[in-house]
Amino acid sequence: MSHQSIAHEEERASVLAEVKRISGRRIEVRRRAQRKSQRRLAAEVGIGVRWLREIESGSPKSRIDEHIRCAHVLGLSSAFLLIPMLLLEHRLNLPRQFLGDDMDDAEVHCYKILAAIDMIPLAHHHPVQRVRFVEIMESSEPAAVPR
């Protein structure tokens with residue numbers, strides 16, 4: 001493995017570790033706000049209490065799918081993981097408000113921005129995917145922004 005690919009893997013692992021740290025904190029804050037014990041949340045998710053403690057502490061050993069399962073049980077969208085991950089991967093500053101408990105407004109803004117983009121010209125940059133993407137776009141009704 002080249003030095004460059006090793007550095008890339010280390011950077012990717014660093015981003016994922018930071019996302020898990022942020023996620024664990026958000027899961028703990030939401031769980032406490034809902035007045036759920038760790039035992040109850042662990043049972044609802046189908047994991048052990050010890051493993052939930054690992055998740056809430058942001059342990060790099062925790063699995064991202066378990067973070068998502070905890071989030072869904074608590075009513076958190078996966079956006080609280082994905083938006084910070086995208087920003088960190090592109091070396092963009094992570095706004096402080098993304099560390100708060102509620103990202104609903106940020107998520108809706110992202111949907112609006114994506115819905116406003118004329119995706120057909122973007123598809124021309126990737127001709128292999130263009131046919132399927134254009135077929136999907138032409139066969140579907142304009143999507144409403146979820147809320």
- Task: For the stretch 125-141, indicate whether the set of residues that are at pLDDT 55 or above and either open to solvent by 40 Å² or more (accessible area, probe 1.4 Å) or over 14 Å from Val19 (Cβ atoms) (or both) is non-empty.
- Result: yes
- Message: Being surrounded by fewer than 20 Cβ atoms within 10 Å (Cβ to Cβ) and touching a residue at least 40 places away in the same chain (Cβ under 8 Å) is the requirement here; does Ala17 meet it?
- Response: yes
- Reported set for the stretch 26-84 where residues are under 12 Å from the mean Cα position of the chain (by Cα), not hydroxyl-bearing (Ser, Thr, Tyr) and not in a helix (DSSP H, G or I) is Leu76
- Do we have Glu44 as open to solvent by 60 Å² or more (accessible area, probe 1.4 Å), at pLDDT 90 or above and acidic (Asp, Glu) here? yes
- Message: Test of understanding: among Ile120, Ile55, which residue is open to solvent by less than 80 Å² (accessible area, probe 1.4 Å) and modelled with pLDDT of 80 or more?
- Response: Ile55
- Task: Report, by residue number, each residue of the stretch 85-101 that is in a helix (DSSP H, G or I) and at pLDDT 80 or above.
- Result: Met85, Leu86, Leu87, Leu88, Glu89
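The values are calculated or read from the model by the stated rules, or taken from the named source; none is laboratory data. No experiment lies behind these values; they were computed from the predicted model shown. Cβ sites come from the backbone with ideal geometry, for glycine too, and all protein chains shown count toward neighbours. Surface areas here come from the heavy atoms of the whole protein model, side chains and all, with no ligands, DNA or RNA. Shrake-Rupley method; radii C 1.70, N 1.55, O 1.52, S 1.80 Å.
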